[in-house]
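Undergrad: The structure follows.
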C-alpha cells in the first residue's frame, strides 16, 4: 500500500496543514479526525489496517486530514460565534485548498466520500450537507449533529449554518434537496457506553431527514458497541463493503 505524507500552508487558516494519503487509485475518501485528534490517528488506531483491502483493491484512496477543532469548536476560551467563524475558515481550506489538490492528485473528477468517527463524523456530515456537489457519499460513525453541543446551547446565524439538525430541517432549496436525494448517506451509532449524546443526535437527524423525505441509512448497533475505536474498526469495513455492493466504490 502506497503511503504519502504531505504538508502545505493554508492561506485561509494561516498555518501549515499536514495530511496523509493511503493508496493510489479509487474513489477518494476524505477522513476527518476525532475530537482533538491528528491527521495520523486513523492509522494509529488501526482504521487503515481495518479497511486496507479496499485500498489495496484500488476501490478507495484515503486522505486523512488535519482539523482545527482545538482552536474552534473545542476551544472553551473562545466566544461561541468566533468558534463558528474559525470553522468557516476551515471549510474554505477544505473546499478551496485541499479538495483541488485531492482531485489533481487522484485524477478524480467525480464525487468524494466524507467520513469520520466522533467529531470527525460531525465534519463528515456537515461537509456532506453543505457541499453535496463535492461529496456524494458520507459514512459517519458516532457523531454529534447539533452544534449547540459545542457552544453550551448558544445559537446565532454562523452556528446555525453549521448545525445540520437545524439548517437541514428548514432547508427548501431544491438544488440541495435533489443532491441529497441522489447521494448516499450512512450514519451509525452504537448503543453502548459513552454513546448517549451521539445516539440522541443520530435519532434527531434521523427524524429530520425522514420528515424532509431525504433518504439515508441510519444503523444502530448493539448495547455492546461503545463510543470507541473497537466498534469503529468493525463498522467502517462493513459499510465500505455495502458501498462496494452498491457500485459506489
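The values are calculated or read from the model by the stated rules, or taken from the named source; none is laboratory data. This structure is a prediction, so every number in the text was calculated from the model and none was measured. For neighbour counting, all protein chains shown are included, and Cβ atoms are generated from backbone atoms with ideal geometry for every residue, glycine included.
Undergrad: On the given criteria, is residue 84 under 26 Å from residue 148 (Cβ atoms) and surrounded by 18 or more Cβ atoms within 10 Å (Cβ to Cβ)?
TA: Working: under 26 Å from residue 148 (Cβ atoms): yes; surrounded by 18 or more Cβ atoms within 10 Å (Cβ to Cβ): yes.
For residue 84, the condition - under 26 Å from residue 148 (Cβ atoms) and surrounded by 18 or more Cβ atoms within 10 Å (Cβ to Cβ) - is met.
Undergrad: Out of all the residues in region 18-56, which are assigned to a loop (DSSP other than H, G, I, E, B) and out of contact with any strand residue (DSSP E or B) (no Cβ under 8 Å at 6 or more places or on another chain)?
TA: Restricting attention to region 18-56, the residues satisfying the condition of being assigned to a loop (DSSP other than H, G, I, E, B) are 23-26, 33-40, 45-46.
Residues satisfying the conditions are 35, 36, 37, 38, 45, 46.
Undergrad: Here is a further query. Kindly provide the set of residues from region 1-17 that are surrounded by fewer than 13 Cβ atoms within 10 Å (Cβ to Cβ) and part of a loop (DSSP other than H, G, I, E, B), ordered by number.
TA: 1, 2, 11, 14, listed by residue number.
Undergrad: If I filter region 38-47 down to residues being touching a helix residue (DSSP H, G or I) at 6+ places or on another chain (Cβ under 7 Å) and under 14 Å from residue 120 (Cβ atoms), which single residue comes out as surrounded by the most Cβ atoms within 10 Å (Cβ to Cβ)?
TA: Restricting to residues being touching a helix residue (DSSP H, G or I) at 6+ places or on another chain (Cβ under 7 Å) and under 14 Å from residue 120 (Cβ atoms), the top hit is 42.
Undergrad: A further question on this structure: For region 215-232, which positions are over 10 Å from residue 141 (Cβ atoms) and surrounded by fewer than 18 Cβ atoms within 10 Å (Cβ to Cβ)?
TA: 215, 217, 218, 220, 222, 223, 224, 226, 228, 230
Undergrad: Any chance region 57-65 includes a residue that's in contact with a strand residue (DSSP E or B) (Cβ under 9 Å, 6 or more places away or on another chain), crowded, with 18+ Cβ neighbours inside 10 Å and closer than 24 Å to residue 147 by Cβ?
TA: Within region 57-65, the first condition is being in contact with a strand residue (DSSP E or B) (Cβ under 9 Å, 6 or more places away or on another chain), and the residues that meet it are 59-65.
Cutting the leftovers down to crowded, with 18+ Cβ neighbours inside 10 Å gives us 59-65.
Still in the list and also closer than 24 Å to residue 147 by Cβ: 64-65.
Looking through region 57-65, at least one residue is in contact with a strand residue (DSSP E or B) (Cβ under 9 Å, 6 or more places away or on another chain), crowded, with 18+ Cβ neighbours inside 10 Å and closer than 24 Å to residue 147 by Cβ.
Undergrad: Collect the residues in region 102-119 that are in a helix (DSSP H, G or I) and more than 18 Å from the chain's Cα centre (by Cα), keeping them in residue-number order.
TA: Step one: of region 102-119, the residues in a helix (DSSP H, G or I) are 102-106, 119.
Correct list: 104, 105, 106.
Undergrad: Right, next: Among the numbered criteria (1) within 19 Å of the chain's Cα centre (by Cα); (2) modelled with pLDDT of 95 or more; (3) under 27 Å from residue 184 (Cβ atoms); (4) surrounded by 14 or more Cβ atoms within 10 Å (Cβ to Cβ), which single criterion is violated by residue 74?
TA: Against the list (1) within 19 Å of the chain's Cα centre (by Cα); (2) modelled with pLDDT of 95 or more; (3) under 27 Å from residue 184 (Cβ atoms); (4) surrounded by 14 or more Cβ atoms within 10 Å (Cβ to Cβ), residue 74 comes up short only on (3).
Undergrad: If you don't mind, there's one more thing I want to ask. I'm trying to understand the selection: among the residues of region 238-249, which are assigned to a loop (DSSP other than H, G, I, E, B) and surrounded by 14 or more Cβ atoms within 10 Å (Cβ to Cβ)?
TA: Filtering region 238-249 down to residues assigned to a loop (DSSP other than H, G, I, E, B) leaves 246-249.
248, 249 - these are the residues of region 238-249 that are assigned to a loop (DSSP other than H, G, I, E, B) and surrounded by 14 or more Cβ atoms within 10 Å (Cβ to Cβ).
Undergrad: Now for a separate question. If you take just the helices (runs of 4 or more DSSP H) that sit entirely in region 129-237, which of them hold at least 1 residues that are under 30 Å from residue 108 (Cβ atoms), modelled with pLDDT of 95 or more and in contact with a helix residue (DSSP H, G or I) (Cβ under 8 Å, 6 or more places away or on another chain)?
TA: Numbers: elements: 148-151, 157-160, 164-170, 174-182, 196-211.
Because the criterion is at least 1 residues that are under 30 Å from residue 108 (Cβ atoms), modelled with pLDDT of 95 or more and in contact with a helix residue (DSSP H, G or I) (Cβ under 8 Å, 6 or more places away or on another chain), the helices (runs of 4 or more DSSP H) in region 129-237 that meet it are 164-170, 174-182, 196-211.
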